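The values are calculated or read from the model by the stated rules, or taken from the named source; none is laboratory data. For clarity, every value in this text was computed on a predicted model and none was experimentally measured. So basically every Cβ, Gly included, is an ideal-geometry build from the backbone, and we count neighbours across all protein chains shown.
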Amino acid sequence: MDFSKAFDRLQPSIALRKMKFYDFNTSVIELICSFLCDRTQSVLFSASFSSIKHVEVDSPQGAKLGSILWLIYVNDLEIDGFCR
């Protein structure tokens, strides 16, 4: 399996919904939402910028938080287990 582009598929709405389900603190969820939601990007090439595009999926490149968010996104935690 190739996971090299895995973080590019993270859907913020699903990750945030799972965080609410697992009873994350509301302030933490709001902070993560500000980190993931309503993002834009453009490309700089030869001193010219491309048009700005809205980013609907992914985690910012190089962010340490991306790995943690990905684990929350793909791993359904046990309700009666260690994480509760």
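Which one of 24, 35 is surrounded by 10 or more Cβ atoms within 10 Å (Cβ to Cβ), modelled with pLDDT of 80 or more and part of a loop (DSSP other than H, G, I, E, B)? None of the other options fit; the residue is 24.
Restricting region 68-84 to residues that are modelled with pLDDT of 80 or more and not aromatic (Phe, Trp, Tyr), the residue that is nearest to residue 10 (Cα to Cα) is 69.
The set of residues in region 53-63 being exposed (fewer than 10 other Cβ atoms within 10 Å of the Cβ) and modelled with pLDDT of 80 or more consists of 54 alone. The single condition from (1) surrounded by 13 or more Cβ atoms within 10 Å (Cβ to Cβ); (2) at pLDDT 85 or above that residue 48 fails is (1). Name the residue that is farthest from residue 66 (Cα to Cα), counting only residues in region 28-56 that are touching a strand residue (DSSP E or B) at 6+ places or on another chain (Cβ under 7 Å) and in contact (Cβ under 8 Å) with a residue 12 or more places away in the chain. The selected residue is 52. Being at pLDDT below 80, in contact with a Ser or Thr (Cβ under 8 Å, 6 or more places away or on another chain) and not aliphatic (A, V, I, L, M) is a description that does not apply to residue 3.
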